[in-house]
Amino acid sequence: METAQDQGFTAGNLQGENTFNMDQHRLEKLQKLTENNVQPYVNSFKIPFSIKEVSERFENTDGHELLEKKYTFTVAGRVMAMRQFGKVNFLNLKDRTGNIQAYLKKGDLAEDQYNVFELTDVGDFVSISGFVFRTKTGELTIYAERFSLLTKSLRDLPEKFHGLKDVEQRYRRRYVDLIVNDNVRNIFRKRSAIIQEVRNFFLSKDFMEVETPMMQPIAGGATAKPFVTHHNALDMPLYMRIAPELYLKRLVIGGFERVFEINRSFRNEGLSTRHNPEFTMIEWYMAYADYYDLMDMIETFVRNIAIKVCGTAKIPFNGRTIDLESPWKRMTMEQAIVDLGEKGITLEQLAEYDSARKTAEDLGIFINNSWGKGRIVLEIFENTVEEKLFDPIFITDYPKEVSPLAKSRKDNPEITERYELFIGGFEVSNGFNELNDPIDQKERFEKQVAEKEAGDEEAHAMDSDYIRALEYGLPPTAGAGLGIDRLVMLLTDSQSIREVILFPHMRPEDAG
């Protein structure tokens, strides 16, 4: 498509990397419009066709037929480019579905409409009615017979927004990023499709979608520092949801044997390319299943989603290719340390507290004196193995010490029936056989409370009501969570979580 940039025009100049200023010329044009009784912000406007519908209808129609039959349409959208050749003008018009070129000629438009056009800028919303034809270069174009201004834009669009040195401005002004960056819009279209496919998968497996509280009287369901708020009427503290786990398991106890929730959760932790304080995940619980069933399920639905959304199970990520075809590898945490971590570490070194601690300290890993052997082994894994796990792999057999809600293995009570799925060098999913022994669960909560009182802000609090619920009986159940944001990162080849969240959390713009 011929554009204003092709003719040497720009969509406006960025007035500094950190601000987009209202343009004085635009304000003057706005004043002229109002002086001429032209409404620059119309109340309502209906269009019968999208730009995509017009383009697709005539995709294979030659110019002779178009000129002969003069198919007439009305379209509306944002002006993305303008260029002028004497009395002839070309516009590049864009709506949610695509782009189309418009041709305007002085003398063919009513004088009052052409006067309005002359006060139009790149970024304005306009409507154009006319017949479609093809230019000499074959470009499908609307020959404007009527023109109207719908919304006057008062700020210039940046010329090369994607190339800003300060990339954070793209996140701060996502609305501008979406206007000018087709790739960004495609990421969020794909995100929407991914979430819909996730929902469709679970509904097809007879799961029921539910909603659980986002503000909770007790922070639980995951090990993390919560956000705290206060309810004035009840005069009590509340915690933004860390995870919906304990409420979802209450529903399984109540008889909803297969439930899922696509939820927003909150963790008062640091910002990074893989962490945002507010994030989206799916959690699901199924009675009469185990964590092997969960792993099989995840392999199926992640692969199927990739094929439906990306067209292939082999996806590019960070300059490499991830093969999502089954079967995915499965390996215990300790074996992964031995086979994939620092060379020379043996299973014997991880078997006892003293040898595990020495191994960690020799690797330069900080060890808190309150940690047991299980937490130390986890730290060794996270520091020596995690980032190497590029192709899909389930890491199993997590220590009980770091898995307060997971069921222990019968042959080794200090190890739980739990997995974490890693793809692309980071965790994507966590799941396990749910602890359904209320006495064991109460003892684990009590240990967590002691750690909390000792200063661990991420430790679980005692949830007496959840213990009471377990006393009514939770059937053998497996449950899992999967990070939607991270899944979208993988399927869109995005290296930062901020690329796949429309409005990521950031420091104040005027911060030093």
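The values are calculated or read from the model by the stated rules, or taken from the named source; none is laboratory data. Keep in mind it's a predicted model, so treat the numbers as computed, not measured. Every residue, glycine among them, receives a Cβ derived from its backbone with ideal geometry; neighbour counts consider all protein chains shown. These accessible areas exclude ligands, DNA and RNA; they are computed on the full protein's heavy atoms, side chains included. Shrake-Rupley method; radii C 1.70, N 1.55, O 1.52, S 1.80 Å.
Would you check which residues across segment 299-356 are under 28 Å from ILE282 (Cβ atoms), in contact with an Asp or Glu (Cβ under 6 Å, 6 or more places away or on another chain) and in contact (Cβ under 8 Å) with a residue 24 or more places away in the chain and list them?
Passing the criteria: ILE305, LYS308, PRO316, PHE317, SER326, TRP328, THR332, MET333.
When you scan segment 468-480, do you find a residue that is surrounded by 15 or more Cβ atoms within 10 Å (Cβ to Cβ) and either assigned to a loop (DSSP other than H, G, I, E, B) or aromatic (Phe, Trp, Tyr) (or both), even just one?
Yes, there is a match, as at least one residue in segment 468-480 is surrounded by 15 or more Cβ atoms within 10 Å (Cβ to Cβ) and either assigned to a loop (DSSP other than H, G, I, E, B) or aromatic (Phe, Trp, Tyr) (or both).
Considering only segment 260-323, give the strands (runs of 3 or more DSSP E) lying wholly within it that have at least 2 residues that are closer than 17 Å to ALA478 by Cα and of a type outside the set (Ser, Thr, Tyr).
It comes to 278-287.
Results for (1) within 21 Å of ARG146 (Cβ to Cβ); (2) of a type outside the set (A, V, I, L, M, F, W, C); (3) at pLDDT 95 or above, shown as yes or no for each residue.
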{"position": "LEU30", "(1), (2), (3)": "no, no, yes"}
{"position": "LEU33", "(1), (2), (3)": "yes, no, yes"}
{"position": "ILE51", "(1), (2), (3)": "yes, no, yes"}
{"position": "GLU65", "(1), (2), (3)": "no, yes, no"}
{"position": "ARG78", "(1), (2), (3)": "yes, yes, yes"}
{"position": "GLN84", "(1), (2), (3)": "yes, yes, no"}
{"position": "ASN89", "(1), (2), (3)": "yes, yes, yes"}
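Which members of segment 161-216 meet the condition of being in contact (Cβ under 8 Å) with a residue 24 or more places away in the chain, closer than 13 Å to GLU499 by Cα, open to solvent by 50 Å² or more (accessible area, probe 1.4 Å) and basic (Lys, Arg)?
Hits for segment 161-216 are ARG172, LYS190.
Have a look at THR273, THR332 and point out the one that is open to solvent by 60 Å² or more (accessible area, probe 1.4 Å) and β-branched (Val, Ile, Thr).
THR273
Can you pull out every residue in segment 111-156 that is assigned to a loop (DSSP other than H, G, I, E, B) and open to solvent by 10 Å² or more (accessible area, probe 1.4 Å)?
Within segment 111-156, LEU119, ASP121, VAL122, THR135, LYS136, THR137, GLY138, GLU139, SER153, LEU154, ASP156 meet the criteria.
Look through segment 42-72, keep the residues that are basic (Lys, Arg) and assigned to a loop (DSSP other than H, G, I, E, B), and return whichever of them is nearest to ASP95 (Cα to Cα).
Top of the filtered list is LYS46.
Being open to solvent by 60 Å² or more (accessible area, probe 1.4 Å) and either assigned to a loop (DSSP other than H, G, I, E, B) or hydrophobic (A, V, I, L, M, F, W, C) (or both) is true for just one of ASP391, ASP354. Which residue is that?
ASP391
Taking the stated definitions as given, is ALA219 assigned to a loop (DSSP other than H, G, I, E, B) and touching a residue at least 40 places away in the same chain (Cβ under 8 Å)?
Answer is yes for this residue.
Please indicate, with yes or no, whether at least one residue in segment 422-432 is of a type in the set (S, T, N, Q), touching a Leu at 6+ places or on another chain (Cβ under 9 Å), closer than 30 Å to ARG303 by Cβ and surrounded by 14 or more Cβ atoms within 10 Å (Cβ to Cβ).
There is at least one residue in segment 422-432 that is of a type in the set (S, T, N, Q), touching a Leu at 6+ places or on another chain (Cβ under 9 Å), closer than 30 Å to ARG303 by Cβ and surrounded by 14 or more Cβ atoms within 10 Å (Cβ to Cβ).
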